[in-house]
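What follows is a single structure, written as structure tokens, with notes after it.
The values are calculated or read from the model by the stated rules, or taken from the named source; none is laboratory data. What you see is a predicted model, and the numbers here were worked out from it, not measured in a lab. Here the Cβ positions follow ideal geometry from the backbone for every residue, glycine too, while neighbour counts run over all protein chains shown.
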Ligand code: FAD
């Protein structure tokens with residue numbers, strides 16, 4: 001149970017990281033190389049993302065376009081099982097609303113129970129790249145709060161249609177996402193955080209943040225959360241800056257600001273190599289500052305940044 005461990009106080013420092021399942025058609029070799037390169041630093045858990053709902057538009061014979069859902073990255077549950085099988089490290093597969101019906105989600109939960117996996121991160125999921133706004137799947141959920149209610153019902157021993165589960169398994173320990181700089185669609189931070197409070201009331205055990213480069217924004221967020229009565233552990237999550245193009249891509253994709261000091265330094269970089277070195281330096285300083293503020297567990301996003309996370313882990317863990 002990840003939450004129990006996140007609640008523990010003490011000086012012991014540690015980290016976790018997130019991986020993506022392989023793209024359709026790819027094997028697990030690259031994924032295992034990523035884990036191999038980080039496992040010796042003692043990660044406490046590994047998150048596995050889910051990507052259900054990419055859409056492609058196909059032209060019909062009459063010239064009209066039709067929208068078809070494709071699963072670009074299958075197998076979160078299976079990959080979680082494979083990682084758990086190969087490494088002695090707890091896994092947290094992500095369960096998302098996008099592209100999934102309530103029934104799909106139920107089968108994911110059942111499969112996880114068969115694998116003995118009881119930690120999950122409960123999310124709405126990104127909107128499809130081609131879409132302007134999030135489109136709920138028919139017979140699915142519109143937000144993470146509703147998905148959490150389905151998991152609660154499952155934990156209480158009932159399928160989504162109300163049928164009792166004959167042999168209920170272990171209850172799921174649920175983490176959720178939170179956004180120190182506000183979720184992109186929320187009208188304001190206050191309203192976004194009310195939904196985080198609601199998730200806590202629905203039994204969310206902890207929250208993992210969206211990435212951020214300015215620790216002050218994270219500290220202000222946690223302070224506000226505590227004032228609102230949000231008491232669950234809030235895990236800071238970071239992604240080392242690794243490429244020059246991220247200066248514009250990161251704010252656009254993750255809706256977080258690049259602090260002026262970091263942006264100025266990136267502008268001085270002549271190559272991606274320079275940007276990567278700067279990113280390692282910046283994130284290392286962020287982690288040290290988080291440690292000094294009593295945050296002893298750091299979560300890392302590893303996309304395009306595996307080697308950077310490894311360099312940081314070498315220094316700090
Ligand atoms: P929600 O909590 O549903 O929030 C979405 C919006 O709806 C917010 O503006 C919120 O304020 C509002 N809202 C929440 N509850 C309600 C309610 N009851 N009524 C009305 N409005 C409400 N995406 C993926 O596709 N796959 C992943 O594996 C993945 N992993 C992630 C891991 C982390 C740590 C983080 C921080 C994000 C991750 N994401 C992932 C991205 C995430 O799915 C998107 O940011 C998504 O847009 C929102 O997800 P959420 O769970 O925060 O949604």
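Let's see how each residue does on (1) near the ligand (Cβ under 10 Å from one of its atoms); (2) part of a loop (DSSP other than H, G, I, E, B); (3) within 17 Å of the chain's Cα centre (by Cα); (4) under 27 Å from residue 2 (Cβ atoms):
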| residue | (1), (2), (3), (4) |
| --- | --- |
| 183 | yes, yes, yes, yes |
| 198 | yes, no, no, yes |
| 213 | no, yes, yes, yes |
| 223 | no, no, no, yes |
| 230 | no, yes, no, yes |
| 244 | no, yes, no, no |
| 248 | no, no, no, no |
| 256 | no, yes, yes, yes |
For the range 157-181, which positions are outside any loop (DSSP other than H, G, I, E, B) and surrounded by 16 or more Cβ atoms within 10 Å (Cβ to Cβ)?
173, 174, 175, 176, 177, 178
Qualifying residues in the range 81-118 (those that are more than 29 Å from residue 39 (Cα to Cα) and within 10 Å of the ligand (Cβ to nearest atom)) - the one modelled with the highest pLDDT
97
Kindly provide the set of residues from the range 119-147 that are more than 13 Å from the ligand (Cβ to nearest atom) and buried (at least 19 other Cβ atoms within 10 Å of the Cβ), ordered by number.
119
Matching residues in the range 40-71 - criterion: being under 19 Å from the mean Cα position of the chain (by Cα) and farther than 23 Å from residue 129 by Cβ
43, 44, 45, 46
What number of residues within the range 4-41 satisfy the criterion of being more than 16 Å from the ligand (Cβ to nearest atom) and under 17 Å from residue 206 (Cα atoms)?
6
Could you say whether any residue in the range 152-171 is out of contact with any strand residue (DSSP E or B) (no Cβ under 6 Å at 6 or more places or on another chain) and near the ligand (Cβ under 8 Å from one of its atoms)?
no
I want to confirm something. Restricting to the range 247-259 and keeping residues that are without any contact (Cβ under 8 Å) to a residue 40 or more places away in the chain and buried (at least 16 other Cβ atoms within 10 Å of the Cβ), which single residue is nearest to residue 279 (Cα to Cα)?
247
Unmet requirement for residue 217, which otherwise passes all of (1) within 10 Å of the ligand (Cβ to nearest atom); (2) in a helix (DSSP H, G or I); (3) surrounded by fewer than 21 Cβ atoms within 10 Å (Cβ to Cβ)
(1)
